[in-house]
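A.B. asks: Have a look at this one.
Read the figures in this text as sums done on the coordinates, not as results from a lab. This one's a predicted model, so the numbers in the text were calculated from it and none came from an experiment. With ideal geometry, Cβ positions are generated from the backbone for all residues, glycine too; neighbour counts draw on all protein chains shown.
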Amino acid sequence: MKIAIVGAGSVGIATKLILDKRKNDSILFEATNNIGGLLRDLTFEGNEFFAGCHYFTNKEEVYKFLPSAGLKSFGYSYGSYTDIFDEVYVSNEFAGPVISKVTQLRMPKNVDSLDISIEEKLEEYPEFIKLNLQKWLSGIGIEINKMHQTSLLGLSAIRVYLPNQIKEIAEMRAENPSASNFYGLLYVNHTHADLFSTPPDGFNSYLDANVLPKIIKDFKPKASVKIQKNGNNFSLQGDKVIGSFDKIIWTGNPNPILKCLNLPKLDSHNLKCKLLVGEINVDIPTPLYIQVFSKKSNILRVYVYKLKNKSCFTIEKIEDGESQADTLKFSKELLELFGIFASLNLKGEKNQNRYLLHTLNDYKSLLHLNQTILDTNLVSAGWHLYGRDAKIKFVVEQINNVQ
């Protein structure tokens with residue numbers, strides 16, 4: 001069986017490595033000259049920085065196939081800062097919104113499998129929680145009546161944590177498992193064997209020196225690839241496309257497929273973000289990321305880590321009118337709450353468009369697309385899902401079904 005993979009981001013790379021391990025004949029096409037997609041580092045003043053809160057965990061599907069050389073592993077280290085519920089709460093145990101105030105809870109309806117908006121999901125919360133989440137989401141530019149409820153995953157706000165009502169929430173979740181998609185508990189299954197992994201010399205170096213050599217013979221960079229419908233199946237056309245394929249796995253933007261099928265293009269909601277990167281003047285032996293849910297700033301996450309023996313930071317925020325100085329000041333105050341007292345030396349910033357949230361229309365369109373191609377040679381790459389691991393697992397399942 002000859003298989004084409006289109007797109008050399010993390011999903012495309014993982015798919016290629018999986019197929020190679022299974023001795024499948026596959027070719028990986030990429031429009032640019034590099035592999036890795038959004039994983040690739042930013043470079044300012046000759047120094048590299050992570051282009052987001054990037055890491056691998058040993059529980060991910062891709063981790064089973066990645067070269068271990070070039071990676072360094074650490075114990076889990078994360079937390080959250082929340083002030084959207086009229087008080088400041090700092091947690092080093094939960095990476096989502098936290099509420100210390102004891103709140104009158106009610107059992108939410110089972111909406112897990114429903115195509116509903118964020119607005120409709122929030123209606124299942126008590127008024128105090130609902131209103132404050134609505135205000136925060138509106139503040140970062142999310143139209144809650146238009147966005148599918150799964151978009152909350154991409155904002156790390158799929159569930160809230162109430163540390164003073166743990167027993168009550170545990171009982172609710174035992175009675176109705178769908179309550180777990182509203183109210184979180186601490187993840188008790190972490191062990192010393194659970195690890196984060198990052199490349200000490202950066203993702204660019206790791207991808208080019210450790211991953212690329214494993215796939216280089218079947219990698220076609222700078223490949224202009226178009227998809228066409230031929231009868232019941234699909235084919236690829238382009239200057240570097242040779243021969244026909246039994247299966248095509250399209251891991252990139254599915255709009256070209258929709259166009260090929262004369263279906264409406266996606267809304268492709270664009271979360272306009274800004275990355276600020278630089279160096280920090282204290283040692284950061286273990287990477288730490290902090291999720292932020294704030295009325296004071298539109299920072300989404302602060303990530304500190306070591307790269308090429310330098311302690312660095314990456315701040316992810318919504319693009320707005322906040323000055324660099326104010327963003328850095330707030331980030332410095334956040335880090336101090338986590339015991340990191342340091343100066344932040346900004347080296348650069350970059351605007352970044354993120355297409356990680358689905359509108360209701362897009363989610364329905366993508367599910368329809370999955371069904372439309374079900375009996376063809378085109379394999380769905382889990383376009384409707386959020387997150388690298390969910391997409392890769394979905395692709396693996398599809399691969400298993402065609403073996």
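A.B. asks: Per-residue HN-Hα couplings for segment 215-226, Karplus 6.51 cos²θ - 1.76 cosθ + 1.60 at θ = phi - 60°, whole Hz, x for Gly and Pro?
C.D. replies: Here the 3J(HN,Hα) series is 10, 4, 5, 10, 10, 10, x, 6, 9, 7, 10, 10 Hz.
A.B. asks: While we're here: Taking just the C-alpha trace of segment 79-181, give me its Rg and Dmax in Å.
C.D. replies: Considering segment 79-181 through its Cα atoms, Rg and Dmax are 13.1, 35 Å.
A.B. asks: Amide H to amide H, which residues 5 or more places from Lys347 or on other chains are under 5 Å from it, using H placed in the peptide plane?
C.D. replies: Amide H neighbours of Lys347, under 5 Å, 5+ apart: Val277, Gly278, Glu279.
A.B. asks: Positive end of the charge dipole of segment 2-134 (Lys, Arg +1 and Asp, Glu -1 on Cβ, about the Cα centre): tell me which of Asn92, Ser26, Ser117 has its Cα farthest that way.
C.D. replies: Ser26
A.B. asks: Could you give log10 I(q)/I(0) at q = 0.13 Å⁻¹ for the chain, computed by the Debye formula over C-alpha point scatterers of equal weight, without solvent?
C.D. replies: Those come out to -1.23, one per q.
A.B. asks: Most fluctuating residue of Val282, Val379, Val102 in a GNM of the chain with Cα springs under 10 Å: which is it?
C.D. replies: Of Val282, Val379, Val102, the most mobile in the Gaussian network model is Val102.
A.B. asks: For segment 1-102, what is the Kirkwood hydrodynamic radius in Å, using each pair of distinct C-alpha atoms?
C.D. replies: With all distinct Cα pairs of segment 1-102 included, I get 17.1 Å.
A.B. asks: For segment 41-46, take each phi angle, set θ = phi - 60°, evaluate the Karplus expression 6.51 cos²θ - 1.76 cosθ + 1.60, and give the result in whole Hz per residue in order, putting x for glycine and proline.
C.D. replies: Here the 3J(HN,Hα) series is 6, 8, 10, 9, 6, x Hz.
A.B. asks: Continuing with this model, one more query. Given the options Lys310, Lys220, Lys23, state which has the largest fluctuation in a GNM of the chain using a 10 Å cut-off (strictly under) for Cα springs.
C.D. replies: Maximum fluctuation in the GNM of the chain, among the listed residues, is at Lys23.
A.B. asks: Which cross-chain or sequence-distant (5 or more) residues have an amide H under 5 Å from the amide H of Lys146, H modelled 1.01 Å from N in plane?
C.D. replies: none
A.B. asks: Residues with amide H under 5 Å of Ile248's amide H, sequence separation 5 or more or different chain, H placed in the peptide plane at 1.01 Å from N; which?
C.D. replies: Correct list: Ala4, Leu378, Val379.
A.B. asks: What percentage of all Cα-Cα pairs in segment 335-403 are separated by more than 21 Å?
C.D. replies: Details: 1173 of 2346 pairs.
Cα-Cα pairs of segment 335-403 separated by over 21 Å account for 50 percent.
A.B. asks: Could you state the orientation-averaged shadow area of the convex hull built on the Cα atoms of segment 276-350, in nm² to one decimal?
C.D. replies: Numbers: hull surface 18.6 nm².
Across all orientations, segment 276-350 yields a mean hull projection of 4.7 nm².
A.B. asks: Roughly what % of DSSP beta bridges within the chain run antiparallel, to the nearest 5?
C.D. replies: Percentage antiparallel, nearest 5: 70.
A.B. asks: Could you tell me the relative contact order of the chain? Use alpha-carbon pairs under 8 Å, at least six residues apart, and round to a whole percent.
C.D. replies: It comes to 23 percent, rounded to a whole number.
A.B. asks: Okay, moving on. Once you have a ≥ b ≥ c as the square roots of the Cα gyration tensor eigenvalues for segment 252-388, tell me rounded if a/c is under 1.5, and otherwise prolate or oblate according to whether a/b is larger than b/c.
C.D. replies: The shape class here is prolate.
A.B. asks: Pick from Ala31, Ala95, Ala174 the residue whose mean-square fluctuation is largest in a GNM of the chain, springs joining Cα atoms under 10 Å.
C.D. replies: Sorting by GNM fluctuation, first place goes to Ala174.
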